[in-house]
1. Which loop-located GluC sites (Glu not before Pro) does segment 48-83 contain, where loop means any DSSP state but H, G, I, E or B and the Cβ has at most 11 other Cβ atoms within 10 Å?
2. Using θ = phi - 60° and the Karplus relation 6.51 cos²θ - 1.76 cosθ + 1.60, list the HN-Hα couplings for segment 16-31 in order, rounded to whole Hz, with x at every Gly or Pro.
3. Return a whole-number percent for the relative contact order of segment 8-90, with Cα pairs under 8 Å and 6 or more residues apart as the contact set.
4. From the square roots a ≥ b ≥ c of the eigenvalues of the alpha-carbon gyration tensor of segment 1-58, which class results: rounded (a/c under 1.5), prolate (a/b over b/c), or oblate?
5. If amide H atoms are built 1.01 Å from N in the plane of the peptide, which residues on other chains or at least 5 residues away come under 5 Å of the amide H of Arg9?
6. For the chain, find the longest principal axis of its Cα atoms and tell me its angle to the long axis of helix 75-90, 0 to 90°, nearest 10.
7. As I understand it, the value is the acute angle between the Cα axis of helix 53-62 and the longest principal axis of the Cα atoms of the chain; what does it come to in degrees, rounded to 10?
8. Please go through segment 1-42 and write out the GluC sites (Glu not before Pro) that DSSP classes as loop and that have at most 14 other C-beta atoms within 10 Å.
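Values in this text are rule-based calculations from the coordinates and carry no lab data. No experiment lies behind these values; they were computed from the predicted model shown. Here Cβ is always computed from backbone atoms with ideal geometry, including for glycine, and neighbour counts include all displayed protein chains.
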Amino acid sequence: MKSKKIPMRKCVACQEMKPKKELLRVVRTPEKEIEIDQKGKKSGRGAYICVDLACLELAKKRKSLERALEVAISEEMYGQLKLEIEKLYGQ
């Protein structure tokens, strides 16, 4: 019996390949809005980041999330990402 293939994605901050389920997806919608994609199904340009505050800080410092999504990201959105990562850490 074949084993199921696990989709891998690369974190925009640390450049590590990890299973898609272990990463947080951030999406730029066709309306140019930035959203956190919980289920990984929203349409638009997506970028993945580790569920780690260090990776979020690194992405903010290097502006790698902004480059991947091709749009400027506000401090408010970084705050939402931080809250989401802290919420996922608690589980």
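1. Values: sites: Glu57, Glu66, Glu70, Glu75, Glu76; in loops: Glu70.
Here the GluC sites (Glu not before Pro) that fit, given the DSSP loop and packing criteria, are Glu70.
2. 8, 7, 9, x, 3, 5, 8, 10, 9, 9, 10, 10, 9, 6, x, 8
3. Numbers: 121 pairs, mean separation 23.5, N = 83.
Averaging sequence separation for qualifying contacts and normalising by length gives 28 percent for segment 8-90.
4. Numbers: a/c = 2.58, a/b = 1.27, b/c = 2.03.
Oblate, since a/c reaches 1.5 and b/c is not below a/b.
5. Lys18, Lys20
6. Between helix and principal axis, roughly 30 degrees.
7. Roughly 50 degrees between the two axes.
8. Details: sites: Glu16, Glu22, Glu31, Glu33, Glu35; in loops: Glu16, Glu31, Glu33.
Those satisfying the criteria are Glu16, Glu31, Glu33.
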